[in-house]
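Data first, discussion second: the structure below is written as C-alpha cells.
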C-alpha cells in the first residue's frame, strides 16, 4: 500500500531509533503526550515503545472521541431508537460502550429484535441514503468525533436541506481538539504542581489536515510546550519524538509539522467553512473524564434546526456519573497509567469495560491491555 | 484519532464523487471536502470522504529525511563504539 | 367406466417457487421436496433409501464425530455459499483431528418464502463440494419455519470419520521448542464476506478460501513430521485459535508479523475498516504446531500440495506461565496478540 508501507519500514525504524537514542540526553527523562487515540493505537500495535530508550516516556492523551463521550449522550441515542422508534445510525466505535441500565447500543439493538432500528454505518452518507430509502421512518445519525469527522456531518446536513428531507436529523456530539489540550494543560497537576510532567505533545494527524497547524501555536507559546504534528504511521511517530527531543534539548517551544505531506498551516479551508456554516460552539459540554469544558463542542445552527435531533425529539442530556472506582479521568489527563488503576485488568477488561478508556480499542487502557500487558507480570491473561 | 487512508483516485464521478483504490481494493468516496483533485492524485480518506490531497513530493522528502537521520545516527553509533 | 388415470404430480417449480410450510409438514409436499431437490442432487447411494437414518458399513479405527451449524449471511458470496461452506467446514473439523472424513449428514432449517431456485443452487453447491472431497451426504432432515423466523436457510452438518491409532493431534500438545505453521494467506473468507455488507461495500477480488483440507492433511501426515496440534482458524481468526491452543497447552507463543502470509487486497481492506487480519475468519486454512526439528520437512510437504503452496513458518512456542501469544511486529517491537473480546467492528478512530 503506497504511502503506508514505506512508513512502516523496519530498517528506517532502526535508524530513527538510533537517532532518538543519540539525541536523548542521558541525564534526564522526557515525557511526551500523544494526544490522539490513533497514535496511542499505533504505538501499542507496532510496539514502538520497545524502540525507544528507557528515559523517553509516552503518556496517552484524551484524543479518543469514544472515550470522552459521556454515558448520557449514548443514553440519548438509545432512547431515540427505543422510545422514539427512529432508525438510529452509528459508526462502529460507540456500539459497545456500556451506557445506563446495563445497555449499550448493541444490546439495545438485540433487545429490539431484528436489525430494524439500530444500524452501523461506515459513513454519514450511508445514514442519509437510509433516510432517502425509508421516507416513512425517521432516521437519526449519531455524529461523534473530533474535527476530522465533523466536516462529513456538515456535508450531509447541507445535502439533506437541499433535498428537503423531512425524516433525517443528526444527534451532534462533535468535540474540539484545542479545548481538550487546553484542559490538560490547565489542570493544576500540570500547570501548578508539575506532578504530571508533560514536556511536549504529539499533535493529531488527521484532525490537523482539517484545522491546520496554526491552532496549536497558541499552546506552544502560552504554555511553553513544543508540539509536533505527526502522521499515523509508526515512523511518523518516531520522527515526531525525535523532533520533540530536539526542541526540548534546545529549549524551544514551537509547532513543527512532521506530517507535511498532508497538513498545512491553514488546513482545509473548504472543510472549515462548511463546518462553520452548519455548526456553532456550545457554551459548555460535558466530557467523560475531563468534566465540563467551555467552548469545547459543537451544536447545529438554527438555520439547520430541522436537522437537529435534539430539537426534533424530546431527548435531553442527563449526566451519569462514572463508576466510583473508575480512574479514567486521571488516565485521560495523563495523571495515571492504565496499569496503575486499581481495577485495570481485573474488574475492568475489554469484555467488561467499566470506563471509557477500556471501551474503545484506542483508549489508553484498552490499547495497553490488548497489546502491551505482557510487560505487567501481575495481570493474568 | 481518525482512521484515514491514503488512496489513489482512479476515476472522477458526477456529484463530487470518485472511485479510489488501495492495493486493488476500490471504493466510492466523496470529494465534497476537497478541490481540484485529478485522477492519479492521492487523497486521505476518512469515513468515505477525502480530507485532503496527499503531497507525494513531501512524502518522498519525509522518507528521505528518515533515511538520512537514521544513517547519520547509525554511523555515529559505530564511530563511538569503535 | 373410465380407466383410473395415473395421478399427475406437478414437478416443483424451481424457477419461481418458494418454500412453503407444507414442505416441512411431513406429507406429500415434503416428500416431493426431498426427492426432487435434495436426493436427486446429493446423489449418494444412501439418501434415496427413504429411511430417516443411513446404515453404513463398519469402519476400522476410532470414530471421530463433529457437528457445526452454518448461519452465514449473505448466503452467496465471492468464492462460495452456505452450501459448500457447510460441507467443507465440517470435513475440516473432522480432518484436523487426524481422521479420514467418511460421511456427512445435513439438516436444513428453511424459512417460509425462501426461493426454491436459491435452495437448488445451494444444494447443488453442496453436492459439488461433497463429490470433489469424496465425502457423500448420506442422510438429512428438513424443517420449515414461518416467514420472519429464519434467515433464508440455516444448515447444520455433522461429519463422521475414522482415525488410526497412534495419531494424537490435540490442542494440549504444543510444547516449548515447537514451530507454528499456517497453510496460506489469512483473513480471506472474513473480508470476502465483509466486502459484501451493504454499507461497507468494497470493490475487490477477494474470494472466500473455503476448501476441504483433508487432502492437504493427508500429505502432511505422510511427511512423517511430528505434528502436535492441527486446527483450522475459523471464527476469530488465527489469533483466537492460537490463544486457545496456548491456553490448552499452557505455553506461550511468539509470532513474526513479517512472516504472516497476507494478500495485499486483504491487507488493504482491513486497513480501510481498522480491522486486524489476525482476527478475521478463514475457511480453508490450517494452523500446524510441529516439533521444531520437523518444521522444514512439514513445510516442504505442504508446498507440494495446491492448498499449501503459500504455507509459511510464522512463529514458535516457548515457556510462559501466562500463556501469552506475542508478536514481533514488522517494526521489530513487541505486542500481544490477545483474545478477541467480541466481534471486531469497523471503526472510525
remark   = Over region C:21-163, the quotient of the Cα radius of gyration and 2.2 N^0.38 Å is 1.02
Rg followed by Dmax, in Å, when region A:267-381 is reduced to its Cα trace = 18.6, 56
inquiry  = Could you work out the pair-distance distribution P(r) of region A:328-370 from its alpha-carbon pairs, with 5 angstrom bin width and percents rounded to whole numbers?
reply    = 6, 31, 40, 20, 3
request  = Could you tell me how many degrees, from 0 to 90 and to the nearest 10, lie between the Cα long axis of helix C:237-249 and the main elongation axis, the longest principal axis, of the Cα atoms of chain C?
outcome  = 70 degrees
ask   = So what is the 222 nm mean residue ellipticity for chain C from helices alone, if each DSSP H run of at least 4 adds -39500 (n - 2.57) and you divide by all residues, rounding to the nearest 500 deg cm²/dmol?
value = -7500 deg cm²/dmol
request  = Please state, as a whole number in µm²/s, the translational diffusion coefficient that the Stokes-Einstein equation yields for region A:125-250 at 4 °C and 1.567 mPa s, with Rh defined as the Kirkwood radius across alpha carbon pairs.
outcome  = 75 µm²/s
ask   = Pairing the Cα long axis of helix C:116-133 with the longest principal axis of chain C, what angle in degrees results, from 0 to 90 and rounded to the nearest 10?
value = 50 degrees
remark   = Taking every alpha carbon pair in the protein assembly as shown and sorting the distances into 20 angstrom bins from 0 up to the bin holding the longest one, the percent per bin comes out as 15, 44, 32, 8, 1, 0
inquiry  = Averaged over its residues, how many other protein chain Cβ atoms are within 10 Å of peptide A:44-54's Cβ atoms?
reply    = 5
note = Listed residues B:27, B:61, B:53; largest mean-square fluctuation, Gaussian network over chain B with Cα springs below 10 Å, found at B:61
query = Residues of A:86-95, mean number of Cβ from any other protein chain within 10 Å of their own Cβ, rounded to a whole number?
reply = 3
query = Over all residues in B:17-29, what is the mean tally of Cβ atoms on other chains that come within 10 Å of each residue's Cβ?
reply = 6
note = Rounded to the nearest 5, the percent of antiparallel DSSP beta bridges in chain C equals 75 percent
task = Working from Cα positions, state the angle (0 to 90°, nearest 10) between the long axis of helix C:264-273 and the longest principal axis of chain C.
result = 90 degrees
ask   = What are the radius of gyration and Dmax of region A:144-215, computed over its Cα atoms and given in Å?
value = 17.3, 55
inquiry  = Given Cα positions, please report Rg to Rh for region C:179-336, the hydrodynamic radius being the Kirkwood one.
reply    = 0.97
key: P(r) tail fraction, chain C - alpha-carbon pairs more than 24 Å apart, %   = 59 percent
ask   = Just for region B:5-81, what percent of DSSP beta bridges are antiparallel, to the closest 5?
value = 95 percent
Which of A:206, C:305, C:189 has the fewest Cβ neighbours within 10 Å, and the rest in rising order = C:305, A:206, C:189
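From the Cα gyration tensor of region C:99-229, with a ≥ b ≥ c the square roots of its eigenvalues, which class applies: rounded if a/c is under 1.5, or else prolate if a/b is larger than b/c, or else oblate?
oblate
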request  = Please express the shape of chain A as an equivalent ellipsoid: the semi-axes are the square roots of 5 times the eigenvalues of the C-alpha gyration tensor, given largest first in whole angstrom.
outcome  = 36, 24, 19
remark   = Counting only DSSP beta bridges with both partners in the protein assembly as shown, the antiparallel fraction in percent, to the nearest 5, comes to 60 percent
remark   = Here D for region B:5-81, in µm²/s, from Stokes-Einstein with a Kirkwood Rh over Cα pairs at 25 °C and 0.890 mPa s, works out to 173 µm²/s
query = Which of the peptides C:240-252, A:267-279 is most tightly packed, and how do the rest follow, going by the mean number of other Cβ atoms within 10 Å of each residue?
reply = C:240-252, A:267-279
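Laboratory data are not the source of any read-out in this text; all were calculated from the coordinates shown. This structure is a prediction, so every number in the text was calculated from the model and none was measured. Virtual Cβ from ideal backbone geometry, glycine too; neighbours counted across all protein chains shown.
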